[in-house]
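Note sheet for the following structure.
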Amino acid sequence: MASSILKTEKLCKSFSNGGVQQHVIKNLDLEILEGDFTVIMGSSGSGKSTLLYALSGMDKPNMGKILFDGKEIQGFSNDELAVFRRGNCGFVFQSVYLLDNQTVLDNVLTGALIVQKNNAELVSKAKELLKKTGLHEEDFKKYPNQLSGGEAQRVGIVRAIINDPKILFADEPTGQLNSASSKDVLDIFSDVHKNGQSIVMVTHDLKTALRATRVLYLRDGGIVGDYRMPVYGEADLKERRNGLTKFLEDMGW
Amino acid sequence: MKIWRLSLFNLKKNKREAIGIAFLTLVTTLMLSIVVSNQKKIDTAFDESFKASGSVDTCIRINKDKYHDAFRTILEKDYKVERLQEGRMIYADMTDVRGRDGGIVSYNMIFVVEKVERKMESFIKGDQLPNSEIENLEHPIWLPSSFEIVKGYVPGDIFTVLKGGKEYPFEVAGFYETGLMSNDGGSFKIIMTEDDYDLFATLFQSSISAECIGLFFDAGEDFDFEQYVNKCNEAASENVSLSMTHYCYRYEKENEITFLEIFMMMIIFLAMVTFVASLFLIRHKISNDIEDQMQQIGVLEALGYRSKEISLAYLYEYVLAGGCGAVLGGILAVLITPIVNFGIRMMMGRNVVGTNGIFGVILITLLVILIVVLFALLKARQVKNYPPVIALRKGIKTHHFGKNVLPLERYRGNVNLGLAMKGFLSNAKSIVGVMICIVAAGTAILFSALTFDFFKDDTKGLISMMGTDTETIHVQLMSGVDPEQVKEELLKIPEVRKAVITHEGTNISVKGSSNDAYATVFDDFANAEDIWAYEGRCPERDDEVMIGLRRSRTEGIGVGDAMVLEVNGIEKKYLITGVIGSLHNGGTTIYLTKEGYERLNYHARANMLIVYPQKGVELKDLEAAVTKHFGGSAKDAIGENLEATDLEAKVKAATEEKIATLMMQYGVTDLDYAVQVGDQQLIKGNSRGFVIKEITSYEGIIKTQMLPIARTTKGFTFAALILIAVIVAVILYLITSGDVRRQRQSLGIMKGLGYSSKDLMTQIALKQMPVVLVGILIASVCAYFINQVFWGALFATIAETNWLVMIFTDLALAVFCYLVTYFSAGKIKKISVNELMTE
């Protein structure tokens, strides 16, 4: 049985909107297991992204505990969280968020050099990973605005995994991609997962969710459904889709 | 939507930046307004005060024993002078006075009686004691009103003149409006009773301090004093130029307002630094804002707004911020008029009753606003370069197709430094503006620091630039006394570190020059401690001379040129071997070797010793020790003789005079005497009292003349230092906070990648450092040259750059810039990474 890598206890997150307190996450208990590809789904405004940012140390909860590898992180200062993130988390954003003024390779290295110091090793690792995602040597010197959406997201994934994070977080990584690019990107996620990478991803998309081993459904700030699937494979795709669709329908999706 | 609402929104959103711009324009307007509204006032204040005194515009003072009636005739016949007046006056050179606080200060003073004063001017009295009280005063004097204004004297104070070891206290009856002879740079004219005048006439009888004849008249601007002196020389059949001194309206005005004008120039310089910074910042911020709000611009354009209308939004924003600052600056300039008037009054020593110059203030305020409008308009027009499609795509600017500067692939070392340098090189275009600001502000800071350091010990710095060994006492010997023997004895005194034999300087005529010279003579200039050639070297042979920088500049002569000197009709040619930055005697001093001086003045014999104190020994203690050792100077003895009232003193005085005669006529070198009645020794003494003729020191007069200026300059430069530091902080804050706002998404991404706020703040601070460091380096060079020009223009001397202070200030400035930038980037901390990315 896989061990727990991330756990929340009575997690709460609220925002003040015009003086009115909006409780987005309410007393949420959750456990993420090592090696799982967890997808969080839910309707708009259900708190998916908020939960993801809280779990990844991008944002602080108002109450409750977050235990990462058994260590509480909810009380960390912003700078402690930054240090925590650089060592443990990788993040793939819906809008990619590559640094405009840096080349593909520099974007990847910017994320890596803060953690690792051996530049030569990092460069070769970055290039290897970029190549694995389908990018070519000549793309490495390109700037983000010279890349297609899919290419940019692949760079984003490499940047997120270059430090071998304990968990890879992804917020709607295919949300702005066409279907062909989406498939390429999801294939990368599947490959990474098969190599043992724990992944927590937020998505609206059924095709994306199909890649998961576990689907959590969020409603009104709490987990209302937890659906498990075997590791993704093309062979049982139909059965997999049916099962997930049924689960989601049950959840009111 | 009304376009100005966008301006208001931006102002509200960027309150601190708007306040920063307003602050800079406020400072600019304030400083420029002070200059514009007071420049004229300084001019007119002097003129009005001079006019109110009813003074003639010219006075020529001639030593009484060199005076000829022909001098009057020349003025009346050759110069058609009407209403020429003549009167007696005593010139007291570098004479000690016990100040109000009990301390000793030295002044150049002119003593006259009321009758003579009324020939010179109207004797308009100011504050005074009641007439009934004045009538009962034993020794009343009237002081120039500057004593009341600057030195804080009040009627009834005691003004004590120290001469010959005696104190001569006078009661200040009151003050009077003074035309000529009213400042530290020249002389102070003091009015006394006939009896006191007669007493002083017997006290002051040296070649310099002596009774003189004054000729008073209105000569106008064109009077050629040099030509007049030549005519007097002819009429007297001897060179009387060294015995004549010229006082006139122009010199008096220059003495009193030169420093004020220099301060005004410094204020203009500061104002310009601030204004350049303001304009650059406005430009930088508009550019940033446009880039930042590019999509918003695109939307507005898509909705049908013309680029001109959108440009106006930025224009309004900066005109509002800058305009508020300028108006506040103008108002402040008017409000502080009394303080400025007080400052001018203190610097000039004359009453200032000027208006607040409101017209000038309004003009400057409008001018500042106009320039801000023009500058903002020019930059805001940049909007038209972005049609909707480009604007919606965040402009072409954000697209990079250029060379990857400093690729991380090849980078070794600290990643924060690497990313900072990468960011710095990617924004090379904005470097120029930041550089201009840093260079301008850095120059002002470094110049202020150097000047402040120079004046930190008040006049000590100036004393070191005199071009003479000032921290010494000059022991003038009685004629016939062997200086070598005195030197040996001096060296036995514990307070004495060194003694150098020299000549008592004599005034020397310089052929082809209207500036006579005063010679400083050393056997070997290696023995001097503060005399060093700025260019060339000190004289070593008897046909070599070193001159002051002022003479070099005004007469266009320098190393390698020849000059002909003349004393008592004997002319000798000398080769100029060096130029020295010298304040001594207004920079007219020449430096000769002992042989060189004796070649010109072969009657002269070394009769003076320059005595250097041991470390930590005050000059007054040194003088006391020397006086104690030698039993007092002959000069003191003469004073005592005059004041002797009882029989013992009269016997002592008569004995000492007899001994003095024996010494000078018969070569008696050592003699003790005693008057004994029964077993009691009533009077005793020795001949050593007559070894020393007089002990003098330059330090006192320099301190008196320069202390107020030194302190004012010190205060001013310190204030400037603080002000510019605040300006630098505001500039860097505005640049940095603008950068953080503009790059908030990138910074958010970086935070997401695990960079802490401190990492990012370090990167932002480091990013500015290359510009800051290069800017400081350029500023150091500029400050060095400005310092040279400042001292050259002010005193015709060479500024000694204190490299330690320069380096320390450079480092402090660099650290200051780093810290200000670092903490200005602190905004990053307040925004969570989530907000940074999703904002």
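The values are calculated or read from the model by the stated rules, or taken from the named source; none is laboratory data. Just so we're clear, the structure is a prediction, and the values are computed from it rather than from any experiment. Glycine also receives a Cβ, built like all others from the backbone with ideal geometry; neighbour counts cover every protein chain displayed.
General remarks:
- Among residues of the range B:408-418 being over 47 Å from the mean Cα position of the chain (by Cα) and either within 7 Å of chain A (Cβ to nearest Cβ) or hydrophobic (A, V, I, L, M, F, W, C) (or both), the one that is surrounded by the fewest Cβ atoms within 10 Å (Cβ to Cβ) is B:R412.
- Some residue of the range B:28-47 being touching a Leu at 6+ places or on another chain (Cβ under 8 Å) and not assigned by TED's automatic domain parsing to the domain that holds B:F269: no
- Given (1) charged (D, E, K, R); (2) in a strand (DSSP E or B); (3) under 25 Å from B:E254 (Cβ atoms), index of the condition B:E211 fails: (3)
- Yes/no for B:V161 being surrounded by 22 or more Cβ atoms within 10 Å (Cβ to Cβ), out of contact with any Ser or Thr (no Cβ under 8 Å at 6 or more places or on another chain), modelled with pLDDT of 85 or more and more than 24 Å from B:Y251 (Cβ to Cβ): no
- Filter result for the condition that a residue is farther than 26 Å from B:I262 by Cβ and away from every other protein chain (no Cβ under 14 Å), over B:G748, B:G792, B:G738: B:G738
- Filter result for B:K115 (over 26 Å from the mean Cα position of the chain (by Cα), in a loop (DSSP other than H, G, I, E, B) and surrounded by fewer than 17 Cβ atoms within 10 Å (Cβ to Cβ)): no
- Positions within the range A:238-253 being at pLDDT below 90 and loosely packed, with under 12 Cβ neighbours inside 10 Å, in sequence order: A:K238, A:E239, A:G252
- Note on the range B:100-112: among residues that are touching a strand residue (DSSP E or B) at 6+ places or on another chain (Cβ under 9 Å) and farther than 20 Å from B:Y176 by Cβ, the one that is surrounded by the most Cβ atoms within 10 Å (Cβ to Cβ) is B:S106.
- Looking across the range A:90-115, the residues that are outside any loop (DSSP other than H, G, I, E, B) and more than 8 Å from chain B (Cβ to nearest Cβ) come down to A:G90, A:V92, A:V104, A:N107, A:V108, A:A112.
- Elements of type strands (runs of 3 or more DSSP E) in the range B:484-571, at least 3 residues being under 27 Å from B:H246 (Cα atoms): B:507-510, B:517-522, B:544-548, B:562-567
- Where a residue in the range B:198-225 is closer than 22 Å to B:G54 by Cα and its partner, wherever it lies, is part of a strand (DSSP E or B) and of a type in the set (S, T, N, Q), with Cβ under 7 Å and at least six apart: B:F216/B:Q85; B:F217/B:T58; B:F217/B:Q85; B:D218/B:T58; B:A219/B:T58; B:F223/B:T58
- The one condition in (1) modelled with pLDDT under 90; (2) closer than 20 Å to A:K7 by Cα; (3) touching a strand residue (DSSP E or B) at 6+ places or on another chain (Cβ under 9 Å); (4) crowded, with 20+ Cβ neighbours inside 10 Å that A:F68 fails to fulfil: (1)
- No other residue among A:A126, A:A120 is surrounded by 24 or more Cβ atoms within 10 Å (Cβ to Cβ) and out of contact with any strand residue (DSSP E or B) (no Cβ under 6 Å at 6 or more places or on another chain) apart from A:A126.
- Inside the range A:21-75, residues that are among the β-branched types (V, I, T) and part of a loop (DSSP other than H, G, I, E, B) make up a count of 1.
- Summed over the range A:129-158, the residues that are of a type in the set (D, E, K, R) and within 14 Å of another protein chain (Cβ to nearest Cβ) give a count of 5.
- If you go through the range B:595-634 and pick out every residue that is among the hydrophobic types (A, V, I, L, M, F, W, C) and either part of a helix (DSSP H, G or I) or at pLDDT below 80 (or both), you end up with 9.
- The range A:179-198, residues that are free of Cβ contacts under 8 Å to residues at least 12 places away in the same chain and not in a helix (DSSP H, G or I): A:N195
- Residue that is under 30 Å from A:Y232 (Cα atoms) and over 14 Å from the mean Cα position of the chain (by Cα), where the choices are A:V108, A:V92: A:V108
- The set of residues from the range A:30-79 being within 13 Å of A:Y217 (Cα to Cα), within 14 Å of chain B (Cβ to nearest Cβ) and touching a Gly at 6+ places or on another chain (Cβ under 9 Å) comprises A:G47, A:K48, A:L51.
- Positions within the range A:40-94 being among the basic types (K, R) and within 20 Å of B:K758 (Cα to Cα), in sequence order: A:K60, A:R85, A:R86
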